[in-house]
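Asker: Submitted below is the structure of interest, expressed as structure tokens.
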Amino acid sequence: MSPERPQALDPYASLPQVPAFELRSDTFTDGARVPDETTNTPLGTNLSPHLAWSGFPEETRSFAVTCFDLEGPSGWWHWTLLDVPATITELAAGAGALGSDLLPSTVVTLRGDDGIAGYVGAAPTPSDQVHRYVYAVHALDLPEMGLEPDTMPGAANSALVPHTIARALLVGTYQR
């Protein structure tokens with residue numbers, strides 16, 4: 001951890017407890033380094049990772065998918081998808097690209113903290129410590145959040161709390 005910048009609080013640690021379900025990726029394993037191609041560095045192409053989930057409650061009506069950097073400045077939202085239909089349980093690598101046809105048109109992609117609507121990968125400075133990227137899939141009790149595409153990701157994630165009936169987490173790391 002960098003002494004100049006305090007670590008962001010884990011956005012899920014203080015939330016009400018909900019059941020967990022399985023989240024996995026063919027791109028990286030939990031706790032492992034994410035591949036360079038998923039990053040926003042000279043070695044990367046901002047390729048969103050493959051994600052697949054199972055074991056969520058039957059009453060799930062939709063999903064939200066997020067990526068949060070615990071070591072980013074005050075924490076950093078890299079990706080927020082809302083209104084993912086309950087019939088979708090897997091995202092192909094690259095589904096988070098701006099204008100991707102790998103997502104249904106009903107999915108709302110919010111701008112990340114960098115202002116880009118789409119997946120933006122890991123980009124710690126070369127001298128920075130290891131960053132942890134928390135990928136989360138939230139099983140929700142409603143089919144649509146009803147939020148606009150210009151909703152800030154932090155506000156959207158706060159709005160998810162009362163509608164989350166289960167959550168799956170997967171952590172990737174990256175350091176240049």
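Since every read-out is calculated from the coordinates, none of them should be taken as a lab result. Only a predicted model underlies this, so the values are computations on that prediction, with no experimental measurement involved. Positions of Cβ are generated from backbone atoms using ideal geometry, with glycine treated the same way; all protein chains shown enter the neighbour counts.
Asker: Could you sort the peptides 139-145, 31-37, 163-169 by per-residue average Cβ neighbour count (10 Å cutoff), highest mean leading?
Answerer: Listed from highest to lowest mean packing, they are 163-169, 139-145, 31-37.
Asker: With unit charges on the beta carbon (Lys/Arg positive, Asp/Glu negative), name the residue among 160, 74, 140 whose Cα is farthest towards the positive pole of the charge dipole of the chain.
Answerer: Value: 74.
Asker: Here is a follow-up. Using helices alone, what [θ] at 222 nm do you get for the chain, with -39,500 (n - 2.57) per DSSP H run of 4 or more residues, divided over all residues and rounded to the nearest 500?
Answerer: Helix-only estimate at 222 nm: -1000 deg cm²/dmol.
Asker: If you don't mind, another one. So what J values fall out for the range 50-60 if you push phi through Karplus, 6.51 cos²θ - 1.76 cosθ + 1.60 with θ = phi - 60°, rounded to Hz, Gly and Pro as x?
Answerer: 5, 9, 9, 9, 7, x, 7, x, 4, 7, 4
Asker: Go ahead and collect, in residue order, the members of the range 66-83 whose backbone nitrogen is under 20 Å from a label point 7 Å along the Cα-Cβ direction of residue 114.
Answerer: Label zone hits: 66-82.
Asker: Provide the descending list of Cα extents for the chain along its principal axes, expressed in whole angstroms.
Answerer: That gives 45, 35, 30 Å along the principal axes, largest extent first.
Asker: Here is a further query. For the range 67-124, compute Rh as the Kirkwood radius over C-alpha pairs and then the Stokes-Einstein diffusion coefficient at 10 °C and 1.306 mPa s; write the answer in µm²/s, rounded to an integer.
Answerer: Value of D from the Cα-based Kirkwood radius: 132 µm²/s.
Asker: Scale the Cα Rg of the range 72-176 by the rule-of-thumb value 2.2 N^0.38 Å and send over the ratio, two decimals.
Answerer: Here the answer is 1.09, to two decimals.
Asker: So, one more: Taking the Cβ-Cβ separation of residue 98 and residue 150 as r and a Förster radius of 25 Å, what is the calculated FRET efficiency to the nearest 0.05?
Answerer: E between residue 98 and residue 150, to the nearest 0.05, is 0.95.
Asker: In addition: When the gyration tensor of the range 127-176 is built from Cα positions, what are the square roots of 5 times its three eigenvalues, in whole Å, from largest to smallest?
Answerer: 27, 15, 7
Asker: When the dipole is taken about the Cα centre of the chain, and only Lys, Arg (+1) and Asp, Glu (-1) are charged at their Cβ, what size is it in debye, to the nearest 20?
Answerer: 280
Asker: So, in nm, how far is label residue 24 from label residue 36 when the simple model puts each one 7 Å beyond its Cα toward the Cβ?
Answerer: It works out to 2.8 nm between the two label points.
Asker: Further question: Between residue 74 and residue 43, what FRET efficiency comes out of the Förster formula 1/(1 + (r/R0)^6) with R0 = 22 Å and r the beta carbon distance, rounded to 0.05?
Answerer: Values: r = 26 Å, r/R0 = 1.16.
Step by step, r from the Cβ atoms, then E = 0.30.
Asker: Further, regarding this structure: Restricting to the chain, what percent of DSSP beta bridges are antiparallel, rounded to 5?
Answerer: Taking every DSSP beta bridge with both residues in the chain, the antiparallel ones total about 95 percent.
Asker: Among 106, 45, 29, which one shows the biggest mean-square fluctuation in a GNM of the chain, springs joining Cα atoms closer than 10 Å?
Answerer: Between 106, 45, 29, it is 106 that shows the largest mean-square fluctuation.
Asker: Here's another thing I want to ask about it. Tell me, what is a quarter of the convex hull surface for the C-alpha atoms of the range 1-101, in nm² with one decimal?
Answerer: It is 8.0 nm².
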